[in-house]
Amino acid sequence: MSIRERLSGNEAVATAMKQINPDVVAAYPITPSTEIPQYFSNFVANGSVTTEFVPVESEHSAISACIGASAAGSRVMSATSSQGLALMFEMLYIASGLRLPIVLIVANRALSAPINIHNDHSDSMGVRDAGFIQLYCENNQEAYDNTVMAVKIAEKAKLPVMVCYDGFITSHSVENITLMENEEIQKFVGTYKPEEYLLDEKRNISMGPLDLQKYYYEHRKDIADAMRDAKDIIKEVSEEFAKVTGRKYELYEKYKLDDAEIGIVVLNSTAGTAKDVVDSLREKNIKAGLLKPRAFRPLPYNEIPNELKHLKALAILDKSDSVNGYCGPLFSEITSAMYSSNVHVNTVNYIYGLGGFDVKTDDILEVYNNLQNIAKTGKVDKTTYYLELEDGGEK
Amino acid sequence: MPYNLKEVVKKQNRLVSGHRMCAGCGAPVTINAVLRALKEEDNAVVAAATGCLEVSTCIYPYTSWKNVSFIHSAFECASATLSGVETAYNSLKKQGKLSKDKETKFIAFGGDGGTLDIGLQSLSGAMERRHNITYVCYDNGAYMNTGTQRSSSTPHFADTTTSPAGKVTQGKVQPRKDLTEIMVKHNLPYVAQTALFGNLKDIYEKAEKAIYTDGPTYISAFSPCPRGWGYPTEDLAVISKLAVETCFWPLYEIENGVYKVTYKPAKKLPVEEFLKTQKRFKHLFKEENKDLIDEIQKEVDKKWDYLLMMEEVTNKQKED
């Protein structure tokens, strides 16, 4: 039996955490994810979870305490945003390097300077190579569902997972949402049984050694292999989740893409806005479509190019900038995957919405208009655009 | 049972041979002396900050840590990491996932860089949150793992590779940070300063109190470094003894705010007796630097007088 509710993204995720009832949560407040430790410490204070909550003095200590608690053999979760995630940077590599299945909720927010509390993806994109699985969420339901699935994915893959959703746009907007029953979630995530952990009463272990050249390289390859294998694990866990809830998740979502001539690739909440634009274009018999990656780590590098190869023009939208004098990270990775799959489609990159700069349907329409022009002429005049900062795509 | 070194060394070793710490280094002796204070039947999880100790004792696929579990995460966060381990222990114990009758203790080791400098915030946070952990700083007064750079624990006027004795400045221009006092101000139930002194009774008894006191506890242990300080490896015990006998490194403890000086030299030696044993203070013995030794002596005397005064005042308060 499912439960119908109206919750904000943060409430939905905190509710999932309550239902998961992890052994340890360590977190530090930062906008826009602050509500998670707030809600969660309320659950602790009122006895609705048995979790031990650690109110640490920084995000660096939040992830360090999570590393200690996870290494000790407990199920661990945390939440952060922006500067908090940036402060965790070195420890993220240690979490994945020690193969600890920590679930880290990320309410995406811009990075300083200038300081800005609103949404873009600079924070999670900045740590994309830290060895965390990254799942991106369009709305509250997806944030809730991915939080539940993340626990199982992390423990099977022996890799930490980030569940990323848009700060304020998703974290603070109230939507209708369907929750699972407590028992359903408990049955789905099961009991955590680590193979090797510090508090094992049968034997003591050492973790976090110095690796000299040979072993370091081998161990780093193990992590890379685990990330490759995570693709199948995400699929398996998602199928299992669909059986319980009826809600189906793939590595990415296609929207009216299969017969489309022009398409865009976009993450998180903007996909919702873009779907509306696709619908309006379809009413005018313009064959527009969309692809929304759910897993960015691991990158579906074989599958995504295959889904895009029939397009006449493609735009990849980035809500963060690599500041490399060229393009954003999503563009860079997907076009690279297309190249190695021998897929050539005329493709442009749009950086958009940095620091929460509002993205409206008209703005997305502008992207599709440009794509129609590229499809017609077969010419790409310019690779990277800054949406809404340029008049008609040119400045 | 009164302390007996011959009996105590029969206890199981928890840091065993095969590690690659230098001959004449105080750290492994300190670690073993501390871990011997564990009851034979108790287990422990040890966390280490990045540093000499960590890179020399756990080189994959080997480990010198035996009869304890060991974790190293990064340089500045041994305290936060161990606070997570301790929290997991409490959570799993509460849920009946760990045996009721088995006890595990939580001990962090960090050098002075990983403790007084880069690890200070993490340490302060863990202590304020009242985790049931013991933090032991093996203090050798500089960043030895990277080649003797000054830390906030480097003694006044000591020569290091980033506070060199030159033509204009004579070693480290600032006096030491007093972390032991900072820990006292965290209102910990037990704080102590110790050294490898005599038959190791002082360090053993303090470690035992720290480990078996409920709540967060802190030990600052004097840990000579032959490479960084410039002394022959066999002089480890002599240098430790001189540090104590000159009151350069006083031995004391603070139990619930009450000070006790645990060793009072019958005749307090002049500080230069300690300084002259190490190359890092060699430049102070030039004729023109004599006033610098006087300055160090004044600082040592001031701290010693402060400790005696605090011992008197806090004991009187306790009686009242």
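Determine which single condition B:Glu288 fails, assuming it passes every other condition in (1) of a type outside the set (A, V, I, L, M, F, W, C); (2) part of a loop (DSSP other than H, G, I, E, B); (3) over 25 Å from B:Ile203 (Cβ atoms).
Of the numbered conditions (1) of a type outside the set (A, V, I, L, M, F, W, C); (2) part of a loop (DSSP other than H, G, I, E, B); (3) over 25 Å from B:Ile203 (Cβ atoms), the odd one out for B:Glu288 is (2).
If you scan segment A:58-97, which residues turn out to be closer than 27 Å to A:Asp120 by Cβ, in contact with a helix residue (DSSP H, G or I) (Cβ under 7 Å, 6 or more places away or on another chain) and of a type outside the set (A, V, I, L, M, F, W, C)?
A:Ser58, A:Glu59, A:His60, A:Ser61, A:Ser64, A:Ser78, A:Thr80, A:Ser81, A:Ser82, A:Gly84, A:Ser96
Just for segment A:53-68: of the residues that are over 14 Å from B:Ala78 (Cα atoms) and surrounded by 24 or more Cβ atoms within 10 Å (Cβ to Cβ), which one is nearest to the other protein chains (Cβ to nearest Cβ)?
So, considering only residues that are over 14 Å from B:Ala78 (Cα atoms) and surrounded by 24 or more Cβ atoms within 10 Å (Cβ to Cβ), the one nearest to the other protein chains (Cβ to nearest Cβ) is A:Val54.
From the list A:Asp200, A:Asp258, which one is free of Cβ contacts under 8 Å to residues at least 60 places away in the same chain and either outside any helix (DSSP H, G or I) or under 30 Å from A:Asn370 (Cβ atoms) (or both)?
A:Asp258
Just one of B:Glu311, B:Glu273, B:Glu234 is assigned to a helix (DSSP H, G or I), over 24 Å from B:Pro164 (Cβ atoms), in contact with a Lys or Arg (Cβ under 7 Å, 6 or more places away or on another chain) and touching a residue at least 24 places away in the same chain (Cβ under 8 Å); which is it?
Only one candidate passes the filter, namely B:Glu311.
Any residue that is within 14 Å of another protein chain (Cβ to nearest Cβ), part of a helix (DSSP H, G or I) and modelled with pLDDT under 95 - is there at least one of those in segment A:204-225?
Taking every residue of segment A:204-225 in turn, at least one turns out to be within 14 Å of another protein chain (Cβ to nearest Cβ), part of a helix (DSSP H, G or I) and modelled with pLDDT under 95.
Any idea how many residues of segment B:136-166 are surrounded by fewer than 16 Cβ atoms within 10 Å (Cβ to Cβ) and either at pLDDT below 95 or closer than 17 Å to B:Pro224 by Cβ (or both)?
Within segment B:136-166, residues that are surrounded by fewer than 16 Cβ atoms within 10 Å (Cβ to Cβ) and either at pLDDT below 95 or closer than 17 Å to B:Pro224 by Cβ (or both) number 1.
Return the residues of segment B:73-129 that are within 9 Å of chain A (Cβ to nearest Cβ) and assigned to a strand (DSSP E or B); say none if nothing qualifies.
B:Thr104
Among the residues of segment A:48-67, is there at least one that is touching a residue at least 40 places away in the same chain (Cβ under 8 Å) and among the polar types (S, T, N, Q)?
No; the residues of segment A:48-67 include none that is touching a residue at least 40 places away in the same chain (Cβ under 8 Å) and among the polar types (S, T, N, Q).
Taking interchain pairs and intrachain pairs at least six residues apart, which have beta carbon atoms under 7 angstrom, with the first residue in segment B:50-66 and more than 7 Å from chain A (Cβ to nearest Cβ) and the second surrounded by fewer than 18 Cβ atoms within 10 Å (Cβ to Cβ) and assigned to a loop (DSSP other than H, G, I, E, B)?
B:Ser56/B:Arg20; B:Tyr62/B:Gly18; B:Ser64/B:Val16; B:Ser64/B:Gly18; B:Lys66/B:Asn13; B:Lys66/B:Val16
Mind telling me which of the residues A:Ala107, A:Ala72 ends up being within 7 Å of chain B (Cβ to nearest Cβ), buried (at least 24 other Cβ atoms within 10 Å of the Cβ) and either at pLDDT 95 or above or over 10 Å from B:Ala80 (Cβ atoms) (or both)?
Being within 7 Å of chain B (Cβ to nearest Cβ), buried (at least 24 other Cβ atoms within 10 Å of the Cβ) and either at pLDDT 95 or above or over 10 Å from B:Ala80 (Cβ atoms) (or both) holds for just one of A:Ala107, A:Ala72, which is A:Ala72.
Closer than 16 Å to B:Gly257 by Cα and at pLDDT 95 or above: which single residue out of B:Tyr204, B:Tyr190, B:Tyr212 fits that description?
B:Tyr190
Going through segment B:22-53 one residue at a time, which ones are outside any helix (DSSP H, G or I), farther than 18 Å from B:Ala78 by Cα and not basic (Lys, Arg)?
B:Cys22, B:Ala23, B:Gly24, B:Cys25, B:Ala37, B:Leu38, B:Glu40, B:Glu41, B:Asp42, B:Asn43
A:Ser280 versus (1) of a type outside the set (D, E, K, R); (2) surrounded by fewer than 21 Cβ atoms within 10 Å (Cβ to Cβ); (3) closer than 23 Å to A:Asp321 by Cα: which is the lone unmet condition?
Result: A:Ser280 fails condition (3) only.
One residue is enough: does segment A:6-26 have a residue meeting the conditions surrounded by 21 or more Cβ atoms within 10 Å (Cβ to Cβ), under 24 Å from A:Met227 (Cβ atoms), at pLDDT 95 or above and in contact with a His (Cβ under 6 Å, 6 or more places away or on another chain)?
no
Taking segment A:120-139 as the region of interest, how many residues are out of contact with any Leu (no Cβ under 9 Å at 6 or more places or on another chain) and among the polar types (S, T, N, Q)?
Number of matching residues: 2.
Take the residues in segment B:54-71 that are part of a helix (DSSP H, G or I) and touching a strand residue (DSSP E or B) at 6+ places or on another chain (Cβ under 6 Å); name whichever of them is surrounded by the most Cβ atoms within 10 Å (Cβ to Cβ).
B:Glu54
The values are calculated or read from the model by the stated rules, or taken from the named source; none is laboratory data. Values in this document were obtained by computation on a predicted structure and should not be read as measured data. Glycine also receives a Cβ, built like all others from the backbone with ideal geometry; neighbour counts cover every protein chain displayed.
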